Amino acid sequence: MGGVDSIVVEIIKHFRILTIFRLFPDLQKKVSAFFGSFKHLGKTFFPLACVIFFYAIIGISFFKGHVESRCRLTEFPEEGKWEASESIEHTCGYLKCPEGLTCGNPADYDIPANHEEYEVEDLLWGYSNFNDIANALFSVYNHLMVTGWIQTTSIVSDFLE
């Protein structure tokens, strides 16, 4: 039982730092204002979360499986696999594939996605996709925080050329 008593005494010692607020009333006001502001965060956070969730659902509707559309070496899958060209690191569909390559998505042939195919910088290493709600929320968050815009802009500019 002596071990529990010593742990309680140690915890109480750590709370002694809180006595500093009695010495500095201005500090006490600032800390109280800081913690008091948390009750107002819900008014801001809830609408923002709704907007992020809304755009994630819209992204899933429009772009689910889009990352798997790549320039393929063969016209059709062979033996349950469909190899993507390693020299073309962007998705196809909007962009044309060079001669000799075919734009294709394994999902069109009920082949599971090969996640190693889109572990390249132009595809943000597979993190920015809308295949499920978790990745869609992460993608929308990344674009709101202005990360990944360089890759997105370069894909769009290649499409417009």
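Every number here is computed from the coordinates shown, using simple stated rules; none is lab data. The structure displayed is predicted, hence computed values, not measured ones. With ideal geometry, Cβ positions are generated from the backbone for all residues, glycine too; neighbour counts draw on all protein chains shown.
Summary of computed values
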{"item": "At R0 = 35 Å, FRET efficiency that the Cβ-Cβ distance of Glu119 and Leu41 yields, to 0.05", "result": "0.45"}
{"item": "Size of segment 52-117 as Cα extents on the principal axes (Å, biggest first)", "result": "39, 24, 18"}
{"item": "Rough spin-label spacing in nm, given labels placed 7 Å along Cα→Cβ, for Phe63 and Ile7", "result": "4.9 nm"}
{"item": "Separation of the Glu86 and Asp132 label points, Cα + 7 Å toward Cβ, nm", "result": "2.8 nm"}
{"item": "Residues of type lysines that Lys30 reaches as a straight line, Cα spacing below 27 Å, ignoring anything fewer than 8 places off in the same chain", "result": "Lys13, Lys39, Lys43"}
{"item": "Gain upon complete extension [Leu18, Glu99; 0.36 nm per residue less C-alpha separation]", "result": "22.0 nm"}
{"item": "Ranked list, fewest to most other Cβ atoms within 10 Å of each Cβ, for Phe53, Phe38, Phe130", "result": "Phe38, Phe53, Phe130"}
{"item": "Within straight-line cross-link reach of Lys64, lysines at Cα separation under 22 Å, skipping those fewer than 8 residues along the same chain", "result": "Lys81, Lys96"}
